[in-house]
Amino acid sequence: MKVTVFGSGYVGLVTGICLAEAGNDVVCIDIDQDKIDNLNKAIVPIYEPGLDEMLKANMDAGRVKFTTNIAEAVNHGTFQFIAVGTPPDEDGAADLQYVLAVAKSIAEHMNEYRIIVDKSTVPVGTADKVKQEILSVLQQRGVETEFDVVSNPEFLKEGAAIEDFMKPDRIVIGTDNPRTAELLKVLYAPFNRSHDRVITMDVRSAELTKYAANAMLATKISFMNELSNLAERLGADIEQVRNGIGSDSRIGYSFIYPGCGYGGSCFPKDVKALERTARQVGYQAELLNAVENVNNRQKHVLVNKIKKHYKDDLQGKTFALWGLAFKPKTDDMREAPSRVVIEALIEAGAQVRAYDPEAMDEAARVYGNKAGLRLASSTEEALNGADALIVVTEWKNFWSPDFDFIKKTLNDAVIFDGRNLYDPQLLKSKGIRYYAIGRGL
Ligand code: UDX
């Protein structure tokens, strides 16, 4: 089938390339000429395992093309996916200007039936706005043609996005038109083989489903982070509590890991946006508000522990920091807890030597030559000359470090661990002072 994808960012690229992989004829369009030029040379602007190879294979097979030409893009696909950004505005509500600009562009060039698919995470009611925008432009142009606007939210995890697209837990299709739902089911058939994963519903419920999923996951994390702070003060170990509650099948083991706060491009933005949406319809979303506040506070937990350990005097101290990305297997530093830690330490007069397996280029882009921050090229190099070690992201190669080397290299033999990677007893036996999250033993 013929598919057009507006927006060659994270979601748009994964969607476009995976749909091409399934044999569709895909055109990806973006307003950023440099990005499109690079993609035409098979250079992927983001780090996502497997995406490079899949892009090359599908370009070679002629199934995916990249362009900035709107007329060409609109003429191409029966399906017109909208996968552009919805960044928060000053108030934290999702800014729809890019989504509506795409809707306008589609309407300006559309001459026959098109299915417009909202893939971007958009507030409830956006499909209606997209529909209105298209109708009004078509009217101005005097063009009469049918179209449908569908909500089809993505549930892709960075670092596992291809797997999530290829073997989704569910495919949510929000539309009031059964015929359109059938067409989308055919498009998604290759990803829907072992059992039926398609859930069709009305448009508004589909739009809300995306926010509900992310807000629920963020709530689980903030809940555990709140309990970890309590456990610490009560002399309990949150890791044992986690095991104890995870064994209840109603609760489950996933997404109950305490840490130094959630980050990324979705949770912080979506929780905030849903809370603002609630306010707009006259409802105070107390729980969502708390989820956000707990998380903002949690991002400071490591710094508070460090300050306490050093009796509020960080002047001239140097910290090795492992992990810049907001989670493993990505180079994304958006809303990453590492940023809060780095900025607070430097603000307090300390120096930071940071290392991440994938996010070094991103860190250089974000921070340039920030005074007080040095980017190291390995875990060992970060440790060299440092007083203490801080672990912020749970990359696999941080899990079993050479503790003897760490003890020998650090001036103070102390580790501040924001992800509970290590065994407190082992570190004690090695003579390393260990601060973790919620381990009040
Ligand atoms: C998330 C959703 O999982 C995905 O379905 C949605 O489409 C987009 O947002 P992503 O942002 O890629 O995906 O990351 P995810 O793996 O969900 O992790 C989010 C954050 O939560 C990370 O900072 C992670 O470290 C943190 N986290 C996760 C915890 O602190 N504890 C946990 O138990 C799980």
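The values are calculated or read from the model by the stated rules, or taken from the named source; none is laboratory data. It should be emphasised that the depicted structure is a prediction, and the values quoted were computed from it without experimental measurement. Here the Cβ positions follow ideal geometry from the backbone for every residue, glycine too, while neighbour counts run over all protein chains shown.
Please go through the stretch 224-241 and pick out each residue that is more than 13 Å from the ligand (Cβ to nearest atom) and either at pLDDT below 95 or surrounded by fewer than 23 Cβ atoms within 10 Å (Cβ to Cβ) (or both).
Asn229, Leu230, Glu232, Arg233, Leu234, Gly235, Ala236, Asp237, Gln240, Val241
Out of all the residues in the stretch 238-293, which are farther than 15 Å from Glu394 by Cβ and among the basic types (Lys, Arg)?
Arg250, Lys269, Lys272, Arg276, Arg279 - these are the residues of the stretch 238-293 that are farther than 15 Å from Glu394 by Cβ and among the basic types (Lys, Arg).
Of everything in the stretch 150-174 that's of a type in the set (A, V, I, L, M) and touching a residue at least 40 places away in the same chain (Cβ under 8 Å), which residue is farthest from the ligand (Cβ to nearest atom)?
Applying the filter and picking the extreme gives Val150.
Residue-by-condition table, conditions (1) of a type in the set (Ser, Thr, Tyr); (2) more than 16 Å from the ligand (Cβ to nearest atom); (3) under 23 Å from the mean Cα position of the chain (by Cα):
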| site | (1), (2), (3) |
| --- | --- |
| Gly316 | no, yes, no |
| Asp332 | no, no, yes |
| Glu335 | no, no, yes |
| Val352 | no, yes, no |
| Glu358 | no, no, yes |
| Glu394 | no, no, yes |
| Ser400 | yes, yes, no |
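What is the residue count in the stretch 358-373 for residues that are crowded, with 18+ Cβ neighbours inside 10 Å and closer than 15 Å to Val341 by Cβ?
4
Regarding Ala94, is this residue modelled with pLDDT of 95 or more, touching a strand residue (DSSP E or B) at 6+ places or on another chain (Cβ under 9 Å) and assigned by TED's automatic domain parsing to the domain that holds Thr15?
No.
Restricting to the stretch 242-264, what's the tally of residues that are touching a residue at least 60 places away in the same chain (Cβ under 8 Å), out of contact with any Pro (no Cβ under 9 Å at 6 or more places or on another chain) and either closer than 30 Å to Asp176 by Cβ or not small (Gly, Ala, Ser) (or both)?
Qualifying residue count for the region: 2.
For the structure I just gave you, tell me whether Ile221 is in contact (Cβ under 8 Å) with a residue 24 or more places away in the chain, within 10 Å of the ligand (Cβ to nearest atom) and crowded, with 20+ Cβ neighbours inside 10 Å.
So Ile221 fits the description; yes.
Do you know which residues across the stretch 19-49 are within 17 Å of Gln80 (Cβ to Cβ), buried (at least 17 other Cβ atoms within 10 Å of the Cβ) and out of contact with any His (no Cβ under 6 Å at 6 or more places or on another chain)?
Leu19, Ala20, Asn24, Val26, Cys28, Ile29, Asp30
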